[in-house]
Amino acid sequence: MAKSSVLNKSKNVYRDIEKIREWGILIPIILFAFIVALRNPYFLTAENIQYIFLDASILTIVAIGEMMVILTGGIDLSVGSTLALIGMIIAMFYKNNFNFPAILAPFMGIGLGIICGAINGLLVSKGKFLPIIATLSTMYIYRGLVYIISGGKWVNAHEMPEGFKLLTRTNILGIPSLIIFAGIIFIIFYYFLNHRTTGREIYAVGDNPNSAIFVGINKDKILFLVYVISGAMAGLGGVLYTSRFASAESSAAMGFELSAISAVVIGGVKTTGGSGRITGVLLGAFLLTMIINGLNVMKISPFYKLAFQGVMFLTAVIIDSLIAERTQKEYRRKKR
């Protein structure tokens, strides 16, 4: 009964606020699209919109994994390096095994990503390392491994089998396969977070770890699980990223972890854990991708793009802090 109460509290306490933040993302999306389209009508063409959706698909997959970690109050800084490492391993594998079925590549990526995520999970749940320290360390280790196994060399498009490249370049019923991959992941985790007990336990651990332990939730198991999920999604992202761009290089996806974290935070997930909706993360990834694409269309310098992304991230964090402060005041007022 007590466990059910904690899970229901985690489900309901921020629900109204989350909805407001989620729908609030649509306003900058519409405004930005309008402004960019005035400068360059190409922005709203079907071709460019498809590019935005394709780029947002990989970011959405990795951001969903990152969301699981942030919901527990943690952070995973290693997803960009994991993506690059798995992408390089898979590319080198197919370079030497041209006839190996390409359909198995996503499963291989998820499996390898689980190993990377499990290392983070063990460091945080059993080793009691701070998430930022554990994942910062593995971020450098995984990136270093990319250089070591590749010798600093690229795997180019002509060294990859056609079937592998077609993983993200085919249409099924008129829908690009990359968008279908993202759609399947979104549906799985939407169901997992909203309709499975383990999904609600992730919220409970982030909302109040002590209460979660008190009602019998295995906190260490949940922490291990979220890092495994994050690694798995980064691994899948690595396969799709390598297939989409038909190349694997040591510096691939440099800084991708910041984009994934930004998408999660902009999407309204509480940075201290316990609150956030997966639909918000989807919108956050789309908004971030659309802005980067829009700045490219307007031929804005890459330096301004990074600064713009930083401003968006800071704004989201400030909004998050203001909402948290307002919620606590309201809670104290009702308690009197």
- Task: Mind giving me the FRET efficiency for Phe303 and Val215? R0 is 56 Å, r the Cβ-Cβ distance, nearest 0.05 is fine.
- Result: 0.70
- For the chain, the accessible surface attributable to carbon and sulfur atoms (probe 1.4 angstrom, ligands and nucleic acids excluded) amounts in percent to 67 percent
- Taking the Cα atoms only, what angle lies between the long axis of helix 2-12 and the longest principal axis of the chain, rounded to 10 degrees? 60 degrees
- Note on the structure: Applying the gyration tensor rule to the Cα atoms of the range 149-197 (axes a ≥ b ≥ c; rounded if a/c under 1.5, else prolate if a/b exceeds b/c, else oblate), the class is oblate
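What full-extension length gain, to one decimal in nm, is calculated for Leu136 and Ile115 as 0.36 nm per residue of separation minus the Cα-Cα distance? Write down the numbers at each step before the final one.
Working: separation 21, 0.36 × 21 = 7.56 nm, distance 1.66 nm.
Computed gain between Leu136 and Ile115 is 5.9 nm.
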- For the range 17-137, what value does the Rg/Rh ratio take when both radii are computed over Cα atoms and Rh is the Kirkwood radius, given to two decimals? 1.08
- Query: Roughly speaking, what is the centre-to-centre gap between the range 181-217 and the range 52-121 when only Cα atoms are used, to the nearest Å?
  - Reply: 21 Å
- In nanometres, what is the gap between the two model label sites at Met254 and Phe129, each 7 Å from Cα along Cα-to-Cβ? 2.3 nm
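Can you give the helix-only mean residue ellipticity at 222 nm for the chain, where every DSSP H stretch with n ≥ 4 adds -39500 (n - 2.57) and the sum goes over all residues, rounded to the nearest 500 deg cm²/dmol? Intermediate results must be reported in sequence, preceding the final value.
On the way: 15 runs with 253 residues, N = 336.
Result for the chain: -25000 deg cm²/dmol, rounded to the nearest 500.
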- Item | Highest-MSF residue in the chain out of Gly174, Gly152, Gly144 [GNM, Cα springs under 10 Å] | Gly174
- Measure of size requested: the Rg and Dmax of the range 74-222, with Cα atoms as the atom set and Å as the unit; please supply both. 18.6, 57
- Message: Give me the mean projected area, in nm² to one decimal, of the convex hull enclosing the Cα positions of the chain.
- Response: 18.0 nm²
- Note on the structure: Tilt, helix 131-150 to longest principal axis of the chain (alpha-carbon atoms), in degrees rounded to tens, equals 10 degrees
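How would you classify the range 22-92 from its alpha-carbon gyration tensor, with a ≥ b ≥ c the square roots of the eigenvalues: rounded for a/c under 1.5, else prolate if a/b is greater than b/c, otherwise oblate? Before the final figure, lay out each step's value.
Values: a/c = 3.62, a/b = 1.53, b/c = 2.37.
Note, shape of the range 22-92 comes out oblate.
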- Task: Would you kindly find the accessible area of His158, with a 1.4 Å probe and non-protein molecules such as ligands, DNA and RNA excluded, rounding to the nearest 10 Å²?
- Result: 140 Å²
- Between rounded, prolate and oblate, where does the range 185-299 land on the alpha carbon gyration tensor, with a ≥ b ≥ c its root eigenvalues, rounded for a/c under 1.5, else prolate if a/b exceeds b/c? prolate
- Task: Find how much the distance from Val317 to Asn97 grows on full extension, using 0.36 nm per residue of separation minus their present alpha carbon separation; answer in nm with one decimal.
- Result: 74.6 nm
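The values are calculated or read from the model by the stated rules, or taken from the named source; none is laboratory data. Treat the numbers as computed from the prediction; the structure is a model and nothing was measured. FYI the Cβ positions are ideal-geometry reconstructions off the backbone, even for glycines, and counts take in every protein chain you see. Protein only, heavy atoms only, side chains kept; ligands, DNA and RNA dropped before computing areas. Shrake-Rupley method; radii C 1.70, N 1.55, O 1.52, S 1.80 Å.
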